[in-house]
1. Return the Cα extents of region 91-209 along principal axes one, two and three, sorted largest first, each rounded to a whole Å.
2. Which one of Leu72, Tyr239, Pro264 is farthest out on the positive end of the charge dipole of the chain, using unit charges on Cβ (Lys, Arg +1; Asp, Glu -1) and the Cα centre as origin?
3. Taking the Cβ of Pro160 as the centre, find all other residues whose Cβ is under 10 Å away and add up their charges (Lys, Arg: +1; Asp, Glu: -1).
4. Checking the a/c ratio against 1.5 first, then a/b against b/c, what shape does the Cα gyration tensor give for region 189-235?
5. Please give me, ordered by residue number, the GluC sites (Glu not before Pro) of region 137-234 that lie in loop per DSSP and have at most 11 other Cβ atoms within 10 Å.
6. Go through region 216-311 and name the trypsin sites (Lys or Arg not before Pro) that are in a DSSP coil and have 11 or fewer other Cβ atoms within 10 Å of their Cβ.
7. By the gyration tensor of its Cα atoms, with a ≥ b ≥ c the square roots of the eigenvalues, what is the shape of region 263-332: rounded for a/c under 1.5, prolate for a/b over b/c, or oblate?
8. Candidates (1) 22.5; (2) 23.7; (3) 20.3; which is the computed Kirkwood radius over Cα pairs in Å?
Amino acid sequence: MISHARPLIILAVLAALGCWTPVRAAPQSTEQPAEFASASGVRWTGHTFLDGKGNRQRYYLSPGSEDAPVVLLIQGSGCVPLFAAVGERRRAATASQDLLARTAGDHARVMVVEKPGVAFDGEIGPSPGRSEGCGSEFRARYELDDWVDVLHRALADASPRAGVALLGVSEGGTAAARLSQEGFSGSIGVVSGGACLAAGALIERAYERERIGHPGTGVEETLRLLEDIAAAPDAIDRYAWGQTFRRWSTFGAACNVRALELYPGRVFIAYGTSDDGTDIAAFEDFARLRQAAGRPARLHPVRGGDHDLMAGEVDHRENTFAAFLAYAFPEA
């Protein structure tokens with residue numbers, strides 16, 4: 001851990017910027033569902049609902065019995081459409097939702113929610129995962145509380161009959177952890193997510209890069225950017241590491257392990273052991289403390305895996321999804 005006072009002061013400022021406003025009851029869908037097939041052949045049903053700002057948003061459900069449990073898959077960062085034009089293919093699933101739906105089979109349905117300001121069936125931009133280059137509507141709404149509110153309302157609109165689980169990938173894990181504090185009671189999975197304070201991880205990585213002589217943003221530049229973010233936390237046209245200041249001041253101030261520490265439901269944490277964006281030691285401590293307190297927790301390390309759970313040429317997403325589904329719905 002870093003003992004330097006200046007980074008800690010900046011992190012305290014960033015953490016103080018996060019807040020949560022309880023959601024109101026979600027209005028019901030205003031359109032009939034529309035069915036379509038993704039490029040890989042998985043069929044999806046699209047639904048629309050009104051968010052807290054009165055804007056129409058979309059979510060999608062994979063086929064299956066209405067009595068089957070539902071997994072809400074929460075995608076990672078940026079403005080990539082859930083179903084995008086890729087080459088000559090149309091409606092290519094971009095958030096692994098097709099793979100999760102095939103892995104779940106008849107045991108569970110998969111639900112995904114489009115981010116506000118993202119067009120259906122649009123193009124993937126030049127910098128997937130970043131907010132730099134995204135439209136102004138998306139950038140204005142790209143912050144944690146707004147996104148969690150949209151997810152909360154989408155779940156309320158869908159009103160699944162059976163159990164619901166959350167599976168957040170990368171940045172999506174932060175949204176899943178926040179939902180755990182808003183009355184959600186099902187199983188929660190975090191895949192390739194951060195443990196606590198993304199800003200702190202950025203500083204530590206900057207120190208490590210300087211120590212071993214690797215290129216990248218140095219310590220002083222990292223601290224300057226964090227100071228700039230703290231001074232203009234709502235800026236949507238200023239960027240650090242490809243993301244808006246607004247995004248960093250909300251997602252960057254969140255702490256997943258703290259949000260999930262006392263959560264009574266099942267918690268599943270998956271990560272690649274070669275992913276430098278994951279604080280493995282923090283998650284190991286988190287799981288050990290939960291288990292000692294009698295709260296269920298399961299770690300799923302992918303040996304040699306990167307942020308996308310690739311270990312060399314081997315893709316470990318499917319077996320990770322299967323492990324999560326078995327843990328989340330042991331009776332399914």
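The values are calculated or read from the model by the stated rules, or taken from the named source; none is laboratory data. The model shown is predicted, which means the values in this text are computed figures rather than measured ones. When we count neighbours, we look across all protein chains shown, and the Cβ atoms used for this are built from the backbone with ideal geometry, even at glycine. Please note that ligands, DNA and RNA were not included when accessible areas were found on the heavy atoms of the full protein model with its side chains. Shrake-Rupley method; radii C 1.70, N 1.55, O 1.52, S 1.80 Å.
1. Extents along the principal axes, in whole Å: 48, 31, 27.
2. The one lying farthest along the dipole's positive direction is Pro264.
3. Summing Lys/Arg as +1 and Asp/Glu as -1 gives 0.
4. oblate
5. none
6. Qualifying residues, ordered by number: Arg303.
7. Oblate is the answer for region 263-332, as a/c is 1.5 or above yet b/c matches or exceeds a/b.
8. It is the value labelled (3).
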